[in-house]
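First comes the structure, then the notes that go with it.
Where a number appears in this text, it was derived from the coordinates with a stated rule and is not lab data. Worth saying up front: this structure is predicted, and the values here are computed from it rather than measured. Quick reminder, even Gly has a Cβ in these numbers, built from the backbone with ideal geometry, and neighbours come from all protein chains shown.
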Amino acid sequence: MDEMFITPIQLMQIGESAKPVQEKVSGQEGISMFKSIFQSAIEDVKTTDQKHNQAEYLLATGQLDNPAVATTAAAEAQLAVTMLVQLRNRAQEAYTQLMNINI
C-alpha cells in the first residue's frame, strides 16, 4: 500500500508563471500579495465573461463552427465566479476568526 505524504502549501506568485515564493512574506508585502490575488481573480472573471459573451454572440449569429466552444466558455466563466466567491468567503471567514481571538 502506498503511503500518502502531505506536502505543505507554498505561496504562489500570481502572473505569467506560477512558481513557489521562497522568501517569507510580511507586512506590506503580504497585503500587496493578498490584493494581487483578488485583483487577479476579478480580472479572470471579467475576461472569462467577455469570452463567454463573445462565444454566445458568435453561436447566435451562426458564425461559430463548434458549439462546444460556447459551452466551454460558459463553464470557464462559471468556475471563475465560483472561485472568486470562495476566495471572498474564505477571507471573510479568516477575518471573523481573527476578530474572535481573545488576547
- Table column - 3J(HN,Hα) (Hz), the stretch 47-58, Karplus curve with 6.51, -1.76, 1.60, x for Gly and Pro: 5, 5, 5, 5, 4, 5, 4, 5, 5, 5, 4, 5
- Table column - 3J(HN,Hα) (Hz), the stretch 62-68, Karplus curve with 6.51, -1.76, 1.60, x for Gly and Pro: x, 8, 9, 6, 10, x, 5
- Quick one: net charge around residue 51, please, counting Lys, Arg +1 and Asp, Glu -1 for every other residue with C-beta under 14 Å from its C-beta. -4
